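Where a number appears in this text, it was derived from the coordinates with a stated rule and is not lab data. Only a predicted model underlies this, so the values are computations on that prediction, with no experimental measurement involved. All Cβ positions, even for glycine, are placed from backbone atoms using ideal geometry, and neighbour counts span all protein chains on display.
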């Protein structure tokens, strides 16, 4: 979190509205309060009613046109000047959203011929059902991971952000209510169209440890300390699982005896009952 924060703290950010959770929340809160010099609200809301509920409280304090949903394991890889320039272009363009991390240049290139506008930093797609299908088909032809209609790692207009936040979608949760992942809309959630979406021409943020469309900073050898730390954590986790042989056996039996479709349905039902 510290490395992520320090990588873009000097950008033209109007205000910081940050909620910290978990066993180290007090340490995170102390660090942020010491290092954010402009208007901010740092809170430790963990009501037990879920991420959507708690975030709905936070969003009441946002009065800017756009919001960057900050995820603490993504680091700014561009200069602050470039990042500010991107933010200025986003504001001028009036787009609904732009994914700021997991950069893949191929997705920018696939906009050629069907984008409605472009500037120094990104191309703009006005997605309707037809243009989304065409873009998705191009991604599939290139063997790319199906893009999300709406991603967590996004800079979004506050209207779009509030709209997603205010709806229980999907009705039957895909993820636990205590996580933010149901905020994301996958390639099949076309009921969210139309959306005016930007695709960056160059990388501005990268994930520390997750390889998605592009290589993580660890995979590139640019975050070696974290790589060692993650390796140790994985080793410890694996060691703990090995000792719990009964738990492993039960999981294997469930995967063998229960069809995947039924497993997914039961999982979603358990989230619904939280």
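Between residue 167 and residue 69, what FRET efficiency comes out of the Förster formula 1/(1 + (r/R0)^6) with R0 = 25 Å and r the beta carbon distance, rounded to 0.05?
0.95
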**OP:** Have a look at the DSSP beta bridges in the chain and tell me what percent are antiparallel, nearest 5.
**Re:** 75
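Please express the shape of the chain as an equivalent ellipsoid: the semi-axes are the square roots of 5 times the eigenvalues of the C-alpha gyration tensor, given largest first in whole angstrom.
Semi-axes from the Cα gyration tensor: 30, 26, 21 Å.
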